[in-house]
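One structure is given below, encoded as structure tokens.
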Amino acid sequence: MAVGLFGGAFDPPHVGHVALAQAAKQRFDLPRLVVLVSERPGHKDVELPANVRLELARAAFPDDDVRLDPYPRTVDLLRAEGFDDPIFLMGADQFVDFLTWKDPEGVLELARLGVATRPGFDRGLLDTVLRSLDQPDRVLFFDIEPNPAASSEIRARAALGEPIDGFVPPAVERLIEERRLYAGD
């Protein structure tokens with residue numbers, strides 16, 4: 001049985017993340033989803049420490065296996081963990097940059113990719129990446145509805161004391177507000 005892997009900084013996790021995970025569970029009939037909170041993201045800076053982002057992710061994904069990912073690069077995680085038939089989930093915007101990842105062909109040897117596409121996304125960008133891969137058949141596309149949530153905007157709104165309801169799951173919103181996470185000085 002396939003296992004879904006969904007990694008990210010989750011700074012904070014938002015409704016778009018949750019929607020992608022739910023759509024992937026349905027599309028690939030995943031009995032298990034492992035949400036991997038990157039301890040030290042290799043591709044971006046984070047505002048909150050890993051343990052706080054882990055707690056936010058657990059609030060956003062209460063029915064899933066949520067844990068810290070100590071590996072800055074996906075291929076290192078896949079080599080170390082030995083997941084059974086993993087499908088690594090990502091958005092189309094991340095897939096466009098897939099060739100810049102550490103050992104993308106190694107990632108495809110160890111996992112299939114589940115790439116979420118949304119209406120209006122330039123399919124030509126995805127096809128360009130596919131044509132550069134040795135195993136394009138290991139890339140599986142699935143549709144999701146467009147979602148306006150972006151972690152950077154949520155952090156900015158929280159820093160200004162603006163409402164974030166509708167952008168993050170209610171349990172995440174509560175934690176951000178109670179702890180004044182991302183609050184400006």
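No value in this document is a laboratory result; all are computed from the given coordinates. In this text, all values refer to a predicted model and were calculated from it rather than measured experimentally. All Cβ positions, glycine included, derive from the backbone under ideal geometry; neighbour counts span all protein chains shown.
Compute the long axis of helix 170-179 from its Cα atoms, compare it with the longest principal axis of the Cα atoms of the chain, and write down the angle in degrees, 0 to 90, nearest 10. So the inclination is approximately 50 degrees. A Gaussian network model of the chain, with springs between Cα atoms under 10 Å, assigns the largest mean-square fluctuation among GLU145, GLU81, GLU55 to GLU81. Comparing ALA116, ALA158, ALA50 in a Gaussian network model of the chain where C-alpha atoms under 10 Å apart are linked, the largest mean-square fluctuation is found at ALA158. Angle check, please: helix 50-60 long axis (alpha carbons) against the longest principal axis of the chain (alpha carbons), in degrees 0 to 90, nearest 10. In the chain, helix 50-60 runs at an angle near 90 degrees to the longest axis. Report, to the nearest 10°, how far helix 15-28 tilts away from the longest principal axis of the Cα atoms in the chain, using its own Cα long axis and a range of 0 to 90°. On a 0 to 90 degree scale, this one is about 30.
In what order do PHE121, PHE95 fall by count of nearby beta-carbon atoms within 10 Å, going from fewest to most?
Ranked by crowding around the Cβ, least crowded first: PHE121, PHE95.
For the range 79-185, the residue among VAL115, PHE141, PHE167 whose Cα projects farthest onto the positive side of the dipole built from Cβ charges is PHE167.
Any idea what the dipole of the chain comes to, in debye rounded to 20, about its Cα centre with Lys/Arg Cβ at +1 and Asp/Glu Cβ at -1? My answer is approximately 60 debye. Here the range 130-185 is treated with +1 on each Lys and Arg Cβ and -1 on each Asp and Glu Cβ, and its dipole about the Cα centre works out to around 180 debye.
Share of Cα-Cα pairs in the range 97-157 beyond 19 Å, in percent?
43
Per residue, the convex hull spanned by the Cα atoms of the range 3-147 measures out at 102 cubic angstrom.
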